[in-house]
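The values are calculated or read from the model by the stated rules, or taken from the named source; none is laboratory data. Note that the structure is predicted; figures quoted are calculated from it, not measured. Note that each Cβ is placed from the backbone with ideal geometry, even for glycine, and that neighbours are counted across all protein chains shown. What goes into the accessible areas is simple: the full protein's heavy atoms, side chains included, and nothing from ligands, DNA or RNA. Shrake-Rupley method; radii C 1.70, N 1.55, O 1.52, S 1.80 Å.
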Amino acid sequence: MRESSTVSGLPETLRSALDEELGKYPQNRLTQSVERLSTRYRENAPASAPILSSEADIAAYAGYRMPATYAAVHAVLAEAALRAPGFAPRTQIDIGGGTGAAIWAAADVWPSLEESTVVEQVQGAIALGRRLAGNAGDKAVRGSTWRRGLIDPAAPAPDADLVTLSYVLGELPEARRADTVRWLSAKAGMLVLIEPGTPAGYERIVVARDQLVELGLSLVAPCPHEGACPIPRGKDWCHFSARLPRTGLHRQLKSATLGFEDEKFSYVVASRTSPERAEGRILRHPVKRKGMVSLSLCAGSGLTETIVTKRHGTAYREARDAEWGDAWPVQSTVD
Ligand SMILES: C[S@@+](CC[C@H](N)C(=O)[O-])C[C@H]1O[C@@H](n2cnc3c(N)ncnc32)[C@H](O)[C@@H]1O
């Protein structure tokens with residue numbers, strides 16, 4: 001997984017379709033929605049009614065959050081693809097899909113996808129997501145199916161090679177999350193759960209992670225093992241970061257000056273088949289000094305600090321390129 005070196009921007013067709021949609025609203029209307037939504041998402045509380053409650057809210061969400069959720073989902077799926085090189089999904093179901101960030105990201109990572117389905121509760125998000133998808137170069141996105149529906153663990157489980165749930169668990173009441181995870185995992189070939197990279201987002205992910213192991217799925221990423229998560233709860237949290245460019249309008253909506261932002265996220269990917277799991281995962285920005293790199297790792301043995309120096313040859317060169325979130329060691333570099 002690459003953070004600062006790779007900037008994961010929206011596909012050009014999506015970016016220009018989004019600009020056109022946003023152009024339908026006065027900018028101050030969108031800015032009001034961005035402010036309201038940002039405050040609501042920061043509250044980090046389950047939603048008793050849909051948070052996206054007007055057309056302008058939905059457009060604002062797509063303008064200021066979709067680029068960020070796309071970047072996070074893309075980073076996670078790219079890592080999953082590295083860990084499961086034989087996985088070539090044909091079908092995807094994205095639950096609570098909003099305006100469809102996860103189907104665009106998945107199609108970019110896996111050209112094998114043929115059928116993408118988005119299930120979403122808000123009709124306006126479906127309508128916008130469908131219009132955006134209509135412009136896609138990729139066939140699975142362009143021909144995607146959009147279904148209005150609620151997460152319902154009593155209904156038949158989502159049955160697809162790839163099932164995604166990004167930035168949704170936190171909107172569900174805590175008491176419903178375990179049933180939802182069981183339901184999502186029942187028929188998924190690979191299940192991907194992504195939450196904001198906050199202590200609360202991590203907490204939801206680590207609970208789901210333990211549940212998935214108990215249900216007999218294999219962890220694909222980010223964890224290098226299926227034992228208890230060694231991160232001291234309440235003191236630290238496992239999260240990663242994806243860098244994305246801010247376009248002109250995106251910058252204006254966020255009243256921001258920088259040309260990029262870093263989206264922090266926590267995640268777990270689990271599957272029915274055994275992955276090529278990483279031996280270790282880099283948990284912080286590597287500290288790079290002259291002749292040495294220091295890596296904070298989660299590994300089978302727990303949390304460790306590893307120093308890689310020039311005398312490690314290839315491994316040193318790879319450590320110089322390594323980023324927060326990458327697997328370590330890079331395959332066959334121990335020399
Ligand atoms: C924060 S948005 C994330 C959207 C999208 N997954 C993304 O990553 O950009 C949460 C989405 O989940 C949907 N959602 C929340 N609870 C839901 C439920 N019980 N059933 C279906 N959709 C739900 C919301 O309507 C909203 O579109």
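Report the full-extension gain for the segment residue 45 to residue 175: residue separation times 0.36 nm, less the Cα-Cα distance, to one decimal in nm.
Separation in residues times 0.36 nm, less the Cα-Cα distance, equals 45.5 nm.
Compute the signed sum of charges (Lys and Arg +1, Asp and Glu -1) over the other residues within less than 12 Å, Cβ to Cβ, of residue 252.
+2
Which value in nm describes the separation of the simple spin-label points at residue 210 and residue 279, placed 7 Å from the Cα toward the beta carbon?
Output for this residue pair reads 2.9 nm.
Over what distance in Å are the Cα centres of the stretch 111-163 and the stretch 252-305 separated?
With the stretch 111-163 and the stretch 252-305 each reduced to a Cα centre, they are spaced 29 Å.
Over the Cα atoms, compute the radius of gyration (one decimal) and Dmax (the largest Cα-Cα distance, rounded to a whole number) for the chain, in Å.
19.6, 60
Taking Cα pairs under 8 Å and at least six residues apart, what relative contact order does the chain come out at, in percent?
Relative CO of the chain lands at 18 percent.
Lysine pairs in the chain with alpha-carbon atoms under 19 Å apart, 8 or more places apart or on different chains: how many are there?
Going through the chain pair by pair, I get 5.
Within the stretch 1-148, what whole-number % of the accessible surface is contributed by carbon and sulfur, with the 1.4 Å probe and all protein chains included in the calculation?
49
For a quick check, take a GNM of the chain with Cα springs below 10 Å and name the residue from 247, 91, 257 with the largest mean-square fluctuation.
Looking only at 247, 91, 257, the largest GNM fluctuation is found for 257.
If ligands, DNA and RNA are left out, what is the accessible area of residue 13 with a 1.4 Å probe, given in Å² to the nearest 10?
60
Rank these by accessible area, largest first, 1.4 Å probe: 260, 265.
Sorted descending by solvent-accessible area, the residues read 260, 265.
Solvent-accessible area per residue for the stretch 12-271 at a 1.4 Å probe radius, Å²?
So the stretch 12-271 comes to 40 Å² accessible per residue, rounded to a whole number.
Pop out the ³J(HN,Hα) list for the stretch 130-139 in order, Karplus 6.51 cos²θ - 1.76 cosθ + 1.60 with θ = phi - 60°, rounded to Hz; leave Gly and Pro as x.
After applying 6.51 cos²θ - 1.76 cosθ + 1.60, I find 5, 4, 4, 5, x, 8, 5, x, 7, 5 Hz.
Contact order normalised by length for the stretch 280-333, with contacts defined as Cα pairs under 8 Å and 6 or more residues apart; what percent is it?
38
By how many degrees, 0 to 90 and rounded to 10, does the Cα axis of helix 174-187 deviate from the longest principal axis of the chain?
That works out to roughly 80 degrees.
If each of residue 112 and residue 148 carries a label point 7 Å out from its Cα toward its Cβ, how far apart are those two points in nm?
If labels sit at residue 112 and residue 148, their model points lie 3.5 nm apart.
Quick one: if you stick a label point 7 Å off each Cα along the C-beta vector at residue 262 and residue 130, how many nm between them?
Distance between label points: 4.0 nm.
Helix-only mean residue ellipticity at 222 nm, the chain, DSSP H runs n ≥ 4 weighted -39,500 (n - 2.57), per residue, nearest 500. What is it?
Estimated from H runs of four or more residues: -11500 deg cm²/dmol.
At q = 0.13, 0.24, 0.28 Å⁻¹, work out log10 I(q)/I(0) for the stretch 280-333 with the Debye formula, treating every Cα as an identical point scatterer and leaving solvent out; two decimals please.
-0.25, -0.87, -1.16
Given a 1.4 Å probe and every protein chain left where it sits, what share in percent of the accessible area of the stretch 235-329 is carbon and sulfur?
Carbon with sulfur: 50 percent of the solvent-accessible area.
Just want to confirm a number: the relative contact order over the stretch 222-307, from Cα pairs under 8 angstrom separated by 6+ residues, in percent.
Once normalised by length, the contact order is 31 percent.
Angle check, please: helix 27-43 long axis (alpha carbons) against the longest principal axis of the chain (alpha carbons), in degrees 0 to 90, nearest 10.
For helix 27-43, the angle is close to 50 degrees.
Picking from 124, 143, 248, which is most flexible by a Gaussian network model of the chain using Cα springs under 10 Å?
Of 124, 143, 248, the most mobile in the Gaussian network model is 248.
Which residue, 92, 121, 252, tops the fluctuation ranking in a GNM of the chain built on C-alpha contacts under 10 Å?
252
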